[in-house]
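To start, the structure itself, in structure tokens.
The values are calculated or read from the model by the stated rules, or taken from the named source; none is laboratory data. All values reported here derive from a predicted model rather than from experimental measurement. In this analysis, Cβ positions are derived from the backbone assuming ideal geometry, glycine residues included, and neighbour counts consider all displayed protein chains. The area values use the complete protein model at the heavy-atom level, side chains included, leaving out ligands, DNA and RNA. Shrake-Rupley method; radii C 1.70, N 1.55, O 1.52, S 1.80 Å.
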Amino acid sequence: EMDLDAILARKPAIVLVDELAHRNAAGSRHERRWQDVVELLDAGIDALYIVNRTAQNADALADLLGDPKRVHARYLDDLPALGEFDLIVNATSATRGGELPHLPMSMVGRRTAAVDLSYGEAAIPFLAWARAHGCHDAIDGLGMLVEQAAESFELWHAVRPDTDHVYADLRAHTD
């Protein structure tokens, strides 16, 4: 899942997010990823580019957000012309089979952070691309998984578990 708080803390000017129709995990702040994006826009993100494998989906999601001055639908073929992004979030399941759509190097600048919402083997293709192209940070979704589990646990049991040791144990098994 997308770590909304981490994105907000980074204060990027431009964010690239895909799979906006995605239903977030139980315990997430919002039911759908597009609702996370509304919060990003409300926090002052200057521009959001929605990229989807299907042009109709990108257009529909941009229309849903209703902010045409800051929300822009684009297609995979448009990526080379868009320039650098502060943050690139891979939220698609397309990389689960080890395949990564062609992503141009022009998207990456000195400050670019790349986040894959997957973890373990599913995150390898995107994170390898990010590191090979010089992203400042390349982060998988394991931390988000642990923190969302903690949020869910707190909702059910009214106590928030310490997540540091859980994350460390899981990281040791996935690296």
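So the values come out like this:
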item	result
Residue within segment 1-13 that is of a type in the set (A, V, I, L, M), within 15 Å of residue 85 (Cβ to Cβ), in contact (Cβ under 8 Å) with a residue 40 or more places away in the chain and not in a loop (DSSP other than H, G, I, E, B) present	yes
Top-ranked residue of segment 137-162 - restricted to ones that are in contact with a Phe, Trp or Tyr (Cβ under 6 Å, 6 or more places away or on another chain) and not in a helix (DSSP H, G or I), ranked as nearest to residue 175 (Cα to Cα)	140
Checking residue 154 against (1) touching a helix residue (DSSP H, G or I) at 6+ places or on another chain (Cβ under 8 Å); (2) more than 26 Å from residue 11 (Cα to Cα); (3) surrounded by 12 or more Cβ atoms within 10 Å (Cβ to Cβ), the condition it does not meet	(1)
Residue 117 at pLDDT 85 or above and either among the polar types (S, T, N, Q) or open to solvent by 10 Å² or more (accessible area, probe 1.4 Å) (or both)	yes
Condition met for residue 162 (acidic (Asp, Glu), more than 21 Å from residue 8 (Cα to Cα), open to solvent by 70 Å² or more (accessible area, probe 1.4 Å) and at pLDDT below 90)	no
Any chance residue 24 is over 15 Å from the mean Cα position of the chain (by Cα) and modelled with pLDDT of 80 or more	no
Matching option when the condition is in contact with a strand residue (DSSP E or B) (Cβ under 6 Å, 6 or more places away or on another chain) and either over 19 Å from residue 4 (Cα atoms) or crowded, with 20+ Cβ neighbours inside 10 Å (or both), among 59, 78, 63, 36	59
Lone qualifier among 96, 131 - being surrounded by fewer than 16 Cβ atoms within 10 Å (Cβ to Cβ), among the charged types (D, E, K, R) and either out of contact with any helix residue (DSSP H, G or I) (no Cβ under 7 Å at 6 or more places or on another chain) or at pLDDT 90 or above (or both)	131
Unique match (being closer than 20 Å to residue 148 by Cβ and open to solvent by less than 70 Å² (accessible area, probe 1.4 Å)) among 108, 15	15
Of all residues making up segment 39-56, the number that are in contact with a strand residue (DSSP E or B) (Cβ under 7 Å, 6 or more places away or on another chain) and over 30 Å from residue 157 (Cα atoms)	9
Search result, residues across segment 128-152 that are free of Cβ contacts under 8 Å to residues at least 24 places away in the same chain and under 24 Å from residue 28 (Cα atoms)	150
